[in-house]
1. Enter the angle in degrees (range 0 to 90, nearest 10) between the Cα long axis of helix 80-89 and the first principal axis of the Cα atoms of the chain, meaning the one along which they spread out most.
2. Between Glu260 and Ala358, what is the spin-label point distance in nm, taking each point 7 Å from the Cα along the Cα→C-beta axis?
3. Please compute the Kirkwood hydrodynamic radius over segment 71-180, one decimal place, Å, based on all pairs of different Cα atoms.
4. Angle, helix 182-196 long axis vs. longest principal axis of the chain, Cα atoms, 0 to 90°, nearest 10?
5. Could you work out the relative contact order of segment 233-302? I mean the mean sequence separation of Cα pairs under 8 Å and 6+ apart, divided by the number of residues, in percent.
6. Rounded, prolate or oblate for segment 69-110? Axes are the square roots of the Cα gyration tensor eigenvalues, ordered a ≥ b ≥ c, and the cut-off for rounded is a/c under 1.5.
7. Figure the gain on full extension for Ile350 and Glu337 (residue separation times 0.36 nm, minus the Cα-Cα span) and round it to one decimal in nm.
8. Residue separation times 0.36 nm, minus the C-alpha to C-alpha distance between Glu98 and Thr135: what's the value?
Amino acid sequence: MRRLWAGFGLAALCGALVLIAAHQVEGPPAYRETLYVFGTLVEIEIRGEDRDTARTASAAVGRLLQELHSDWHAWRPGGALHAVNTAIAQGRTVQVDERLAELLQEGRRLSCASGGHFNPAIGGLVGLWGFHADTPPQGAPPGPDAIAALVAADPRMTDLRLEGHRIGSVNPAVRLDLGGYAKGAALDLAAAELRAHGIADAVLNAGGDVNVLGTHSQRPWRVAIRDPFAWGVVGAIALRPGEVLYTSGNYERYLDHDSERFAHIIDPRTGYPVREIVSVSVLDSSGIRADAAATALSVAGRTGWPDVAASMGITAVLMITDTGRLMATPAMLARLEPAGDSLPGPVELIKLPARGTALSCGNGRDNPPRY
Ligand code: AMP
Ligand code: MG
């Protein structure tokens, strides 16, 4: 599936997806704004509103996203999450606001449903691999002993103790890094903010992770999934009102060393970056769940991902492996439109197991969970 494709009218964006908005429409012109938050460009497009309403709503979203970015930042001092991590390291508890308390509760639920493949408690490993910086890591990968020590310390979301809004951890090795689902949570809140301002039709695109409201002037918002191997797209999806499409890719951030590439998504079981999955796209109705699931499925790998998807309640998945193999669930294949005459390669249809098979809170290891 390595081929170039150029079609539609592509407004190329920096992430894994490309937003398609090529046709001419009647009514007020679209209102567009771009912000830099969560380490990426966030594009807001509002349709069918007068300029003042759209600008007010967009400014409110901008303020909200900046606030969440600083509150939930994994390594920058001064934010709420940094204070939580410091308290955990020192064996203390700390007060957090309602929003962060809810985010952590939801993170714990999602981590359990993913069987521990999605694990926001492994901030220590993410930092060890050099991803707690605004620029890509340089130099050699961390030593195996340091990695093994962090894996053995076994940080899990279920180590957290949340009493009201006070938070602590029974395991001092827990370091929260919400990078695997914060964008989804933030875009869900941003979409709610737009709705509260009376906006019916809009798209929020955070570097390729997309939430839509309503339609693009009576037509669906169409979003393309980027081809991770070439400049072009795999296909496009017409999103229904309220749907989201999130993509995790091991090509997004990485450490290059001695012609080896180490991705920013870490397998909590081994402490090493994922290798075999290049891109996972999840179509869903919740940004927070789709974001967490895309990360979890990258970790679960070629054979493990269907169980994790079923357990997380995800039905529509497109998976691209390092060898260019394309796999999709029936729910995704039904929605994926080829960009040209056909999709760029044969797609293997993968049926998910029944949802009753919920995974538990372990890290996907054999040892029984401690809770
Ligand atoms: P995403 O692009 O949504 O897949 O998120 C990747 C980010 O999530 C990384 O940059 C880390 O901050 C964090 N992360 C890495 N590995 C994991 C994991 N196994 N579970 C949860 N978050 C992770
Ligand atoms: Mg994610």
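1. It is inclined by approximately 20 degrees.
2. With each label placed 7 Å out from Cα toward Cβ, I get 3.9 nm.
3. 14.2
4. For 182-196 against the chain, the angle is about 50 degrees.
5. On the way: 107 pairs, mean separation 25.2, N = 70.
It rounds to 36 percent for segment 233-302.
6. Verdict is oblate for segment 69-110.
7. Extending this stretch completely gives an extra 2.9 nm.
8. Stretched out fully, the Glu98 to Thr135 stretch lengthens by 10.2 nm.
Rule-based calculations on the coordinates, nothing more; no lab input. Remember, it's a predicted structure, so these values are computed and weren't measured experimentally. Counting neighbours? That spans all protein chains shown, and the Cβs are built from the backbone with ideal geometry, glycine included.
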